[in-house]
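Asker: The structure is given below, and queries will be raised subsequently.
The values are calculated or read from the model by the stated rules, or taken from the named source; none is laboratory data. In this text the structure is predicted, and so the values were computed from the model without any measurement. Cβ atoms come from the backbone with ideal geometry, glycine included; neighbour counts cover every protein chain shown.
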Amino acid sequence: METNNTQEIKQSSYINVFLLLILLTILTLSQPAIMHLELAPTLFVQMGIAFTKAVLIIGYYMHIKGAPSLFKKMIFASFILLAVLYTLMAIDTYHRYVSADYFIN
Amino acid sequence: MSNVKTTFYDKTHTVFGHHENKFLQWIFSIDHKRIAILYGVVMFVFFAIAVMVALVMRLELFSPGQDFIGPDTYNQAFTLHGVIMIFLFIIPGIPATIGNFLLPLQLGARDVSFPRINLLSWWLYILGAVIAVTSLFIGDGFADTGWTFYAPYSIKTGTNVVMALTAAFILGFASILTGINFVATIHRLRAPGMGFFKMPLMVWALYSTSWIQILATPVIGISLIMVMLERTFGIGIFDPTKGGDPVLLEHMFWIYSHPAVYLMILPAFGIASEIVPTFCRKPIFGYHAIAISSAMIAGVGYLVWGHHMYTSGESDTIALIFSALTFFVAVPTGIKFFDWIATMYKASIDFKTPMLWAVGTFVTFIIGGLTGLIVASVGVDVYLHDTYFVVAHFHYAILGGVVFLMFAGFHYWFPKVTGKMYDDTRGKRVFYIIFVGFNMLWFPMFIAGMLGMPRRYFDYLPEFEIYHKIATIGSWIFVVGLIYMVYNLYKGVKEGEPAGPNPWNATTLEWQIPSPPQLENFGTIPYVDFMPYEYKEGEPVHHMDLSVDESKGDSSHE
Amino acid sequence: MSEAVANAEPEIIFDKDGNPHEVVDFNNDYIGAKLGFWLFLFTEIMIFGALFLVFGFYFIQHQAEFVESSHDLNRLLGGTNTFILLVSALTMGLSLVKLRNGKVNAAKRYIWITIILALVFVTIKYFEWSHEIHLGIYPGSPTLDAMENGTKLFFGMYFTMTGLHGLHILIGVGVMLWVLSLINNGKVNSKEFVVLENTALYWDLVHLVWVFLFPLFYLIY
């Protein structure tokens, strides 16, 4: 039935993605020199580039783009879990020294 | 008629090939059924040890003041009790024993996806256990931090914290491997035709549990490593003098340890979902709801860890958020309970020992669960945190929920594993003794906690003495019941009646093969296009004989 | 052992209507092997994810010191390492392509190149660490203890995370050497390549961690 489904993997897709990743890496290294940004925008740009690289690596190098949908769902679920954990921790970190006593006028 | 070529099972049912020596055949076996029994035997030994440690603690607490162990030893005792019970007994728990034995059988498979990794998981368990036990006898003795090893004490204390944490790390790895094995098995090795919504509910439970094992355990793994690095190199992340935050360790710890309790209870609920329809002799009410509620509990269970930290210094805002989420996570459990009770409604119930255990657990677990909601509300928890109320709550939930259902499962699948049947009347007597002892042991603690008795305290004020005395006597009755249970099951193995393939008239696939199962589990794998608990007028709809036909040797298929 | 079983006849069963269905053989399950390995990768994602969480937690609380300490790290060496790891991910992937096409010697050559690149990475890391330690900056040192809390935490996390990452690189090298021996005795070949494929997946994960680690530590100045 589907015991040994393998995907085609081509040398050219590896090399093309490699070139893209090189480009993104050069961008990431030169960003502080080209654009003088405050901390928050710097992080935004850096993490944006990192995420783009991650999507390329996961999609092409790790063959998820052509994989059965089960793999896509699992990866998605794991990253959602991490995102939720980060969100809850962030809420705690920001409110740590703030009192939230709703019953005092 | 058999579809199986026998060469695999003859030559390779151990990881190193065929052995003459029976002992080696067992400890190197890659047969899931043997690995389950290996786990069961070792876990039972550790359970007994931890029970004895608890008896010592309860004996010390019988009267106020020091009786025969000192305060530091008492700290080591409750740490040892917690570490053994949690990491060596209840977390491998049902998945490693009943799960390992049962999962391929319920799916219609011949083994798990990765049998050798299954064996590796057991060996890692043994390694972790050896390291933990060794730390008892070296240097300053076993860790005295409590099983929760909060910073800064766990960073400063001279006892063997690093060894205990190393042991816990290795045990966590064993747990992860079991989880990986089960998820892969459930996705890949279901019998043809068996979609996800035709799987038995035990499998749904094991599936949800395995995801928790995979995604949550690494978080405590890295937390343990960070504490070890902090102790050894002083990196500063949990040291307030370097800007570190001990509450962060609590966060990291509970991000695993809360989902861990769902890891404990979900397989137990799966057992209940198997026992109830069998002894009510009707299909379970709300199959889809129970299946999805297992997944929901696993998912939402990641979002509630902060309810262990209301008084530790987390922000007020997040405490309220966690409280709301904790109330929410109780809902899927409630759904299961209503469905089980609805299954029992107007059923012609066959009250055998497993059913008695299951129903008894409903009583004790409801107490555990509802008292959990009491401490889930922030305002109340401010008073009850770190008191005996919490201790009683989690023992009602874990001992009165997980362990009782584990016992129910042992009594239910005992004939399948051993091929014999124990004495049912004795089995019921065992239940009642344990039930009485259990409630006598833990219920007074709710009251003591509300009156202010702190937990992990070696000594106490005279006003609490009566509660401690009742609890200690209850602990003796409880242990008498446990011993009697072991005796009953032992007698069952030695002298019990042969049980046959399906003594309970159940419907799932494991009951359609001989007891005990043959090595390859099934002769012909069935095509499963039916729901798992189909009964008609009290009788299973599908009777199958799926055994391997041994007279035919190497045979062909049709 | 697995050859006789792997090439065994698939097990076929029939349903009520006589349609044939194949039973998955757990000894010969390519998708199962990949699935199992991905599940293991999720544990790695959670481990490093938790470490990034701790990093983020302290970053928010000590932004100025983190930025200042980031400035002090050696971007040239770090950047070089980034390129090295990127190329090694390519060579690992290419080795898989070559093996699947039957070009065994080319595959082995690419694995060797990956190993060498990995060892260069670790060497450069060693030099970076030596530099910091030479300056007296290491966990528990008097120099570091005299600095701000944020700086102590930054370097505590730096050594922890790059250390754990480096450990994973060394483990990866060990695995690659093992895979080479499997290729040499034919157990991994153009038909049975899932072990190499999973190794490549592991290497991609190691690369992925660096993709996030590098900018967070080196580029927030």
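Asker: Which one of the conditions (1) farther than 23 Å from residue B:350 by Cα; (2) outside any helix (DSSP H, G or I) does residue B:500 fail to meet, given that it meets all the rest?
Answerer: (1)
Asker: Also, quick follow-up: Just wondering, is there one or more residues in segment B:41-57 that are assigned to a loop (DSSP other than H, G, I, E, B), β-branched (Val, Ile, Thr) and in contact with a helix residue (DSSP H, G or I) (Cβ under 9 Å, 6 or more places away or on another chain)?
Answerer: no
Asker: If you don't mind, another one. Any residue at all in segment C:14-26 that's touching a helix residue (DSSP H, G or I) at 6+ places or on another chain (Cβ under 9 Å) and of a type in the set (Phe, Trp, Tyr)?
Answerer: yes
Asker: Can you tell me which of (1) more than 10 Å from chain C (Cβ to nearest Cβ); (2) touching a residue at least 24 places away in the same chain (Cβ under 8 Å); (3) within 16 Å of residue C:89 (Cβ to Cβ) is the one residue A:53 doesn't meet?
Answerer: (1)
Asker: How many residues, within segment C:88-119, are under 17 Å from the mean Cα position of the chain (by Cα) and either within 16 Å of residue C:168 (Cβ to Cβ) or surrounded by fewer than 16 Cβ atoms within 10 Å (Cβ to Cβ) (or both)?
Answerer: The total comes to 10.
Asker: Do we find that residue B:358 is of a type outside the set (Lys, Arg), at pLDDT 95 or above, in contact with a Pro (Cβ under 9 Å, 6 or more places away or on another chain) and buried (at least 23 other Cβ atoms within 10 Å of the Cβ) in this structure? Give the steps one after another, and end with the answer.
Answerer: On the way: of a type outside the set (Lys, Arg): yes; at pLDDT 95 or above: yes; in contact with a Pro (Cβ under 9 Å, 6 or more places away or on another chain): no; buried (at least 23 other Cβ atoms within 10 Å of the Cβ): yes.
In short, no.
Asker: Restricted to segment B:453-503, and to residues that are out of contact with any Gly (no Cβ under 9 Å at 6 or more places or on another chain) and of a type in the set (S, T, N, Q), which residue is nearest to residue B:106 (Cα to Cα)?
Answerer: B:502
Asker: Now, a different point. What about residue B:141, is it modelled with pLDDT under 90, touching a helix residue (DSSP H, G or I) at 6+ places or on another chain (Cβ under 8 Å) and not β-branched (Val, Ile, Thr)? Even if it seems obvious, please write down each step before you answer.
Answerer: Values: modelled with pLDDT under 90: yes; touching a helix residue (DSSP H, G or I) at 6+ places or on another chain (Cβ under 8 Å): yes; not β-branched (Val, Ile, Thr): yes.
Here the answer is yes, as residue B:141 does meet what is asked.
Asker: Hey, another quick one. From B:236, B:158, B:172, B:243, grab the single residue that is within 14 Å of chain C (Cβ to nearest Cβ) and surrounded by fewer than 24 Cβ atoms within 10 Å (Cβ to Cβ).
Answerer: Selected residue: B:243, the only one of B:236, B:158, B:172, B:243 that is within 14 Å of chain C (Cβ to nearest Cβ) and surrounded by fewer than 24 Cβ atoms within 10 Å (Cβ to Cβ).
Asker: Being among the aliphatic types (A, V, I, L, M), part of a loop (DSSP other than H, G, I, E, B) and within 14 Å of chain C (Cβ to nearest Cβ) is the requirement here; does residue B:112 meet it?
Answerer: Yes.
Asker: Could you list all residues from segment C:150-163 that are buried (at least 19 other Cβ atoms within 10 Å of the Cβ) and of a type outside the set (Phe, Trp, Tyr)?
Answerer: Correct list: C:150, C:151, C:152, C:153, C:156, C:157, C:160, C:161, C:162.
Asker: Next question. Restricting to segment B:118-159, count the residues that are farther than 15 Å from residue B:34 by Cβ, of a type in the set (A, V, I, L, M, F, W, C) and assigned to a helix (DSSP H, G or I).
Answerer: Summing the residues that are farther than 15 Å from residue B:34 by Cβ, of a type in the set (A, V, I, L, M, F, W, C) and assigned to a helix (DSSP H, G or I) in segment B:118-159 gives 8.
Asker: Being in a helix (DSSP H, G or I), more than 7 Å from chain B (Cβ to nearest Cβ), of a type outside the set (D, E, K, R) and more than 19 Å from residue C:44 (Cβ to Cβ) narrows it down to one residue among A:90, A:83; which is it? Write out each step before concluding.
Answerer: Working: A:83 fails: more than 19 Å from residue C:44 (Cβ to Cβ).
A:90 is the lone residue from the list that is in a helix (DSSP H, G or I), more than 7 Å from chain B (Cβ to nearest Cβ), of a type outside the set (D, E, K, R) and more than 19 Å from residue C:44 (Cβ to Cβ).
Asker: Going residue by residue through segment C:195-213, is there one that turns out to be over 22 Å from residue A:51 (Cα atoms) and among the hydrophobic types (A, V, I, L, M, F, W, C)?
Answerer: Checked against the condition, which is being over 22 Å from residue A:51 (Cα atoms) and among the hydrophobic types (A, V, I, L, M, F, W, C), segment C:195-213 yields at least one hit.
Asker: Does at least one position in segment B:139-153 carry a residue that is within 14 Å of another protein chain (Cβ to nearest Cβ) and among the hydrophobic types (A, V, I, L, M, F, W, C)?
Answerer: yes
Asker: Working carefully through the options B:279, B:327, find the one that is more than 14 Å from chain A (Cβ to nearest Cβ) and within 30 Å of residue B:150 (Cα to Cα).
Answerer: Only one candidate passes the filter, namely B:327.
Asker: Can you run down the residue pairs with Cβ atoms below 6 Å, 6 or more apart or on separate chains, where the first is in segment C:72-96 and on the phi < 0 side of the Ramachandran plot and the partner is modelled with pLDDT of 95 or more and polar (S, T, N, Q)?
Answerer: C:88/C:114; C:91/C:114; C:92/C:114
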